[in-house]
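Values in this text are rule-based calculations from the coordinates and carry no lab data. Note that the structure is predicted; figures quoted are calculated from it, not measured. Glycine also receives a Cβ, built like all others from the backbone with ideal geometry; neighbour counts cover every protein chain displayed.
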Amino acid sequence: MDQQGLNQRPQQALPLSDESLRNQPINLTNCDREPIHIPGAIQPYGFLLCLDPATLAVVHVSANTDALIGIAAPTLLAADGLARLLTEAQIAKIREMAPILGTTPYLLGLPLEQVPGQPSYKLILHRFDELLWIEFEPIAPSMSGLLDLAFLNEAMSGLLNAPTMLAFSQYAADLVWNITGFDRVSVYRFAPDESGEVVAEARRPDLSTWLGLHYPATDIPQQARAMYLRNWLRFIADVNYQPAPLLPVETPGVGRPPDMTHASLRSVSPIHLEYLRNMGVKASMSISLVLEGRLWGMILCHHYTPRLVGYELRDLCQFIGKTFSALLRTKEQHDDADYQLRIRSTQARLLELVNLHDSLTEALHRQHPTLLLEVLACGGAATCFNGLVTTVGSTPTETQIRELVGWLEENTSADEIFVTDSYAALNPTAAEALRETASGILALPVNRESGEYVLWFRPEKALTVTWVGKHEKVVRQTDGGLFLSPRQSFETWKEAVERTAEPWKDIEQTVATEIRRHLVEMRAREFNTMQEHAASLSRLNTELGRSNEELDAFAYVASHDLKEPLRGIHNYALFLLEDYGELLDDEGVSKLKTLVRLSHRMEGLIEALLQLSRVGRQDLQVQEIDLQQVLEEVLDTLHPRLTETHATVTIPVPLPVVRGDWVRLREVFQNLITNAMRYNDRPEKHVEIGLKKDAHGRSNFYVFYVKDDGIGIDPKHHANIFKIFKRLHAQEKYGGGTGAGLTIAKRMVEKHGGEMWLESALGHGTTFFFSIPRNL
């Protein structure tokens, strides 16, 4: 850093051999006691007079007047000292200004008419410490164009229109760099801990960047910070200058050097000059940036050869610094407003989703799985609802999240959000494993009793802060005692930010609190609704169970009781045909045959109904079954029919061993294979039976298929194909049938905990699928 005042000391090194300091530790706080405002010397590119404001008698003079204007300094301490430099008219002008001057400098450009051969000088006047100060600086080349209204209007427009703080800082750096010609101009911003970071820079192309470099807070002692609030600009024309002391050093009757806080020529601590030389800097200038009475940062200017910047140009840079300071709050608020707008917009979307769904998990994850990440800047997020942990982004493991929730329930308040940017500081043992994902945590307790939370996580700061130099200064021995020296090396070193995340902003905590309030209210409504639904479902299930039992019992009794009289009707019709068929005419015989056929079909329907009722009433006899063996038995039973219909069955790979009911699964295969033969009008029929490799989301199930090349089924009938007694063709087509086989097969599969479905198109065959759990 090159701010004048960094590590500042008076012209003479502060002796630590003094009895009052001898027993104190030698550390960086010693810098805070340096009287940098009373160095008793100036930089020699100009010279200085201090006058009695009432009489204009010279009280102090810098010792370099002989070198600059050929007049020995002691002679200017005489009664007519000022008259040796200025005319009566010029002195009268100063006398006129003296009563109205304050700490704000007033500029006069006057030739030293009483000193033959001397160029014109700028006279910079101010009043402070009961003295009238006149600083004499040589007049620099013209600043034509830099002070006109067009330039100022463009400069102000650029500062006003910068859309972000970074763009605002970069524009200021570019502006000062362009008008001053310094090799490097940086904008340096202080952090809450008073360390600083270079946030913008303009530089000569061959120089390495300083963007992102950090500097310890101790680089700028407290008394230097206080001076920077009073004096907005500090300038060093040549770091190798030899200071010109004041004559006399102490103000008569006061017992100390005059306070040079507002003097442009004030000499700089030799410690600070050594600091700059270590950096290779030969000239520097710094401009304070002040926000609401505190030092926000500085604009830092460096040059690698001596450089004299005229007072007017420095004053323009000070004006830029003050304008920057005046706009700081607006720019910060604009940045904050942009972030608040984004976070509020995402919050509104989140709450809208929550309001549209009965389930918080459905709203927070399934409908928009990344929305939780968008609400707050974070690495990952999680919800804990209904005993389920659902995550998005980079998060701890489910086990770690459950342990964290347990810790929160024991150590936090039920009615408040939990916020930390260093979980390790609160729970060191557990936090070590969470460093990469959850060094920072923001948790919303929705229902602590059931462990329901919404959590956001921030990882340990992945960035590595690049510090310039080390925190320690070197203690050196001098003849007069010990004093601190600046760092001897400016090579960067890294300080990792461990077990700490980026802090949660106030607006983030506010939004989180509002989201929690909304979720708690919704969860309460959801809980009440769930209780009502649970009670209603319980009643319905009880009634449904009773109805199913009654229906199954009715179906069993009805079908069982109907079979005997129906069989009697069927048999008597046959007896009539056999015994009296010759006595009946053709119409009578036809009617008896119809009666036999219809009673036979009715018996089939009753048998199907009886079988369906048995599926519902009887428990499965679960055992390990070799499905390949079951299938071979079915094919052996159906062999005559397969031969008769010219049907060929292929099995690409042997079927696995499963757990299930042997009788039920045998019936499923028999029904599906029978249908594959029946609904096929090809001369040669092909049926394929196998195990589907890709289960499509049914990883816990075996999925089997029976595929034929038959007539197919129009997709519009797929929903009705499993309805009992539902036939898509006339009774006499495709070998008849009751229309209950698929219904029974599907019920058997569902009894196992699986599903049955089909894929088919008219004229392109049909594939029936059914699933069986792997672990029944």
Worksheet entry | Thr648-Ala377 pseudo-label distance in nm [points 7 Å out on the Cα-to-Cβ vector] | 7.0
Worksheet entry | For Ile625, distant residues with modelled amide H under 5 Å away | Val658, Arg659, Gly660
Worksheet item: Listed highest first by mean packing, meaning other Cβ atoms within 10 Å per residue, what order do 384-390, 577-583, 60-66 come in?
Response: 60-66, 384-390, 577-583
Fill in: region 212-259, Cα convex hull volume normalised per residue, Å³
151
Practice prompt. First measure r as the distance between the Cβ atoms of Val663 and Asn447, then evaluate 1/(1 + (r/R0)^6) with R0 = 35 Å and state the FRET efficiency to the nearest 0.05.
Written response: 0.15
Discussion item. For the ranges 40-48, 314-322, 623-631, what's the packing order if you count other beta-carbon atoms within 10 Å of each residue, average per peptide, and put the highest first?
Written reply: 40-48, 314-322, 623-631
Worksheet item: How large is the dipole of region 618-665 about the Cα centre if only Lys and Arg carry +1 and Asp and Glu carry -1, each at its Cβ, rounded to the nearest 20 debye?
Response: 140
Item to complete: Mind scanning Lys707/Lys746; Lys685/Lys716; Lys723/Lys746; Lys331/Lys461; Lys685/Lys707; Lys282/Lys322 and naming the pairs with a C-alpha gap bigger than 18 Å?
Response: Lys685/Lys716; Lys331/Lys461; Lys282/Lys322
Discussion item. Per residue of region 429-440, what does 6.51 cos²θ - 1.76 cosθ + 1.60 with θ = phi - 60° give for ³J(HN,Hα)? Whole Hz please, x for Gly and Pro, Karplus curve as stated.
Written reply: 5, 6, 6, 4, 6, 9, 3, 6, 10, 9, 5, x
Fill in: Kirkwood Rh, Cα atoms: Rg over Rh of region 173-288
1.00
Item to complete: Return the sequence-ordered ³J(HN,Hα) values of region 185-191 in whole Hz as given by the Karplus equation 6.51 cos²θ - 1.76 cosθ + 1.60 applied to θ = phi - 60°, using x for Gly and Pro.
Response: 10, 10, 9, 10, 10, 7, 8
Discussion item. Give me a comma-separated list of calculated 3J(HN,Hα) values for region 296-304, in order, Karplus coefficients 6.51, -1.76, 1.60 applied at θ = phi - 60°, integers in Hz, x for any Gly or Pro.
Written reply: 7, x, 8, 9, 10, 10, 10, 9, 9
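Counting residues in region 657-721 as N, plug N into 2.2 N^0.38 Å and put the Cα Rg over that result.
Relative to the 2.2 N^0.38 Å estimate, region 657-721 comes out at 1.29.
Could you order peptides 85-91, 374-380 by the average number of other Cβ atoms within 10 Å of their residues, highest first?
Going by the mean number of other Cβ atoms within 10 Å, highest first, we get 374-380, 85-91.
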Worksheet item: Whose amide H sits under 5 Å from the amide H of Lys692, counting only residues 5 or more places off or on another chain, with H placed in the peptide plane?
Response: Val703, Phe704, Tyr705
Worksheet item: Hey, what's the per residue convex hull volume over the C-alpha atoms of region 148-222, in cubic angstrom?
Response: 124
